[in-house]
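Novice: Mind having a look at this structure? Questions to follow.
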Amino acid sequence: MSEKQQLDCVVIGGGIIGALSALQLIRDGRSVTILDKESVAAGASQGNAGILAFPEITPIAAPGVTWKAPAWLIDPLGPLSIRWPYAPKLVPWFWHFWKASFRKNYERGIVTQTALMKLSMLAYEAVSTEEALSPFFINSGTLDLYDSEKSFNAAAPDWARKKTAGFSFKRVGRAEIETLQPGLDSRFRHAIWSEGGMQIADPGDFTRAVVALCQARGATFLRATAKALAPRENGVDILMEDGTTIAAANAVVAAGAWSNHLAASLGEAVPLDTERGYNTTLPLQDFALSRQLYFNDHSFVVTPLSAGIRVGGAVEFGGLDLPANFARSKALLKLATRFLPDLKTEGGVEWMGFRPSMPDYLPVIDRSKKAPAVIYAFGHGHLGLTQAAATGRLVAALAAARTPEIDIANLRFDRFRIF
């Protein structure tokens, strides 16, 4: 690397957000360099469940949710936990989370999330036409399972919103559940079947295939660490950890859970934190997992991937530095064997990764005010894979000074000032 490179568009982050942003920028005629401190799909893009969860339009920061959280936190291996040494650092995040749960902010979030999901569906239609990428798209359908009629009925308002937004699904009972996924525990008598449910066969391989396609069209990948950003006339300087500087016409910050550090280097504070997710990927086996299974009362999923069966989910707040607590992945696997008694759990590979999450569960897709050549694209939480194609379209629009296809005012990095 020379002392100061002059580049066109630099995408900081080799995950799925950065990869699909790079692909869209190339389609716009831009010359693209992708930077990552490790490798392509080294983080959450490698270990996610592979689900394209387009109907998930209701933010977790919902009215009344703050009253439920204490009950969840009682169980250290439950769907939500906090690593207590990290708790003091979470106070600002949860303050914004509480404000995001106010009715007006929640309703505003649904409108924005719906528009983003609809755009992502459209954008993925275009991505799936790429010969190198089309084999990764699978229409397996999705089965949302509930332990009881009570919990099913409690979720009815959420499903009503999804129906109003135009998503299709139907309620199914025990007989249909058994047909759609044989081998489920008999407790499951209430479910929602979404026939159009889509997934990616292997999210890590898909991300690598996107970057390979970008490289085939002229992009460069550099393993390097961006330390800070600084505005310059008609562009931005990217200060690297090795002491060198890259001068770029545009920089896209798509570094996931590490993105707020780069924003902070410009003096722009973003309340981004990380939800640590856990999973176990089981090897291919005789048990026939037909489709994506959501165990909604327990906040985890079981999905069939090309390389095996992935069991994962839940939320742990613990920052970027504390060691992983794989008791959480083991607890999820134990639940999975209760609900799928014939599932074989030998030979599984455990994983922990960082979901970059904003308090209102909407991403940041915006232009920096301090350095207009910098475009932010991070904070997608559980929906990074799902919203990546839409994010790429919005990033390319911002880079070209075009009007974005949807209203992104609620995705501003500084939106919490008005809450």
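Novice: Looking only at segment 307-315, decide whether some residue is open to solvent by less than 40 Å² (accessible area, probe 1.4 Å), at pLDDT 95 or above and among the basic types (Lys, Arg).
Specialist: Among the residues of segment 307-315, at least one is open to solvent by less than 40 Å² (accessible area, probe 1.4 Å), at pLDDT 95 or above and among the basic types (Lys, Arg), which makes the answer yes.
Novice: Among what's in segment 242-290 and is charged (D, E, K, R), at pLDDT below 95 and part of a loop (DSSP other than H, G, I, E, B), pick the residue that is least open to solvent (accessible area, probe 1.4 Å).
Specialist: Out of the qualifying residues, it is ASP242.
Novice: Any idea which of ILE375, ILE406 is among the aliphatic types (A, V, I, L, M), in contact with a Leu (Cβ under 7 Å, 6 or more places away or on another chain) and assigned to a strand (DSSP E or B)?
Specialist: ILE375
Novice: While we're here: If GLN387 passes every condition in (1) in a loop (DSSP other than H, G, I, E, B); (2) closer than 19 Å to GLY18 by Cα; (3) not aliphatic (A, V, I, L, M) but one, which one does it miss?
Specialist: Of (1) in a loop (DSSP other than H, G, I, E, B); (2) closer than 19 Å to GLY18 by Cα; (3) not aliphatic (A, V, I, L, M), only one is false for GLN387: (1).
Novice: Hey, another quick one. Please count how many residues of segment 344-359 are open to solvent by 10 Å² or more (accessible area, probe 1.4 Å), in contact with a helix residue (DSSP H, G or I) (Cβ under 8 Å, 6 or more places away or on another chain) and either within 13 Å of THR281 (Cβ to Cβ) or part of a loop (DSSP other than H, G, I, E, B) (or both).
Specialist: Selection size over segment 344-359: 5.
Novice: Taking segment 314-353 on its own, how many of its residues are over 14 Å from ARG83 (Cα atoms) and among the aromatic types (Phe, Trp, Tyr)?
Specialist: Counting residues in segment 314-353 that are over 14 Å from ARG83 (Cα atoms) and among the aromatic types (Phe, Trp, Tyr) gives 2.
Novice: Still on this model: Condition test on GLU176, is it at pLDDT 95 or above and exposed (fewer than 13 other Cβ atoms within 10 Å of the Cβ)?
Specialist: When the stated conditions are applied, GLU176 does not pass them.
Novice: From the set of residues in segment 180-222 that are among the polar types (S, T, N, Q) and more than 17 Å from ILE12 (Cα to Cα), which is surrounded by the fewest Cβ atoms within 10 Å (Cβ to Cβ)?
Specialist: Only one residue tops the list, namely SER186.
Novice: Where the second residue is open to solvent by 60 Å² or more (accessible area, probe 1.4 Å) and of a type in the set (Lys, Arg) and the first is under 20 Å from PRO63 (Cα atoms) and lies in segment 157-179, which pairs have Cβ atoms under 9 Å and are six or more apart or on separate chains?
Specialist: Sorted first by the residue in segment 157-179, then by its partner, the pairs are TRP159/ARG171; ALA165/LYS118.
Novice: Let me ask you something else. Taking ALA160 and the conditions (1) surrounded by fewer than 15 Cβ atoms within 10 Å (Cβ to Cβ); (2) aliphatic (A, V, I, L, M); (3) assigned to a loop (DSSP other than H, G, I, E, B), which numbered condition does it fall short on, given that it satisfies the others?
Specialist: (3)
The values are calculated or read from the model by the stated rules, or taken from the named source; none is laboratory data. It should be emphasised that the depicted structure is a prediction, and the values quoted were computed from it without experimental measurement. FYI the Cβ positions are ideal-geometry reconstructions off the backbone, even for glycines, and counts take in every protein chain you see. Calculation scope for accessible area: heavy atoms of the full protein, side chains included, ligands and nucleic acids excluded. Shrake-Rupley method; radii C 1.70, N 1.55, O 1.52, S 1.80 Å.
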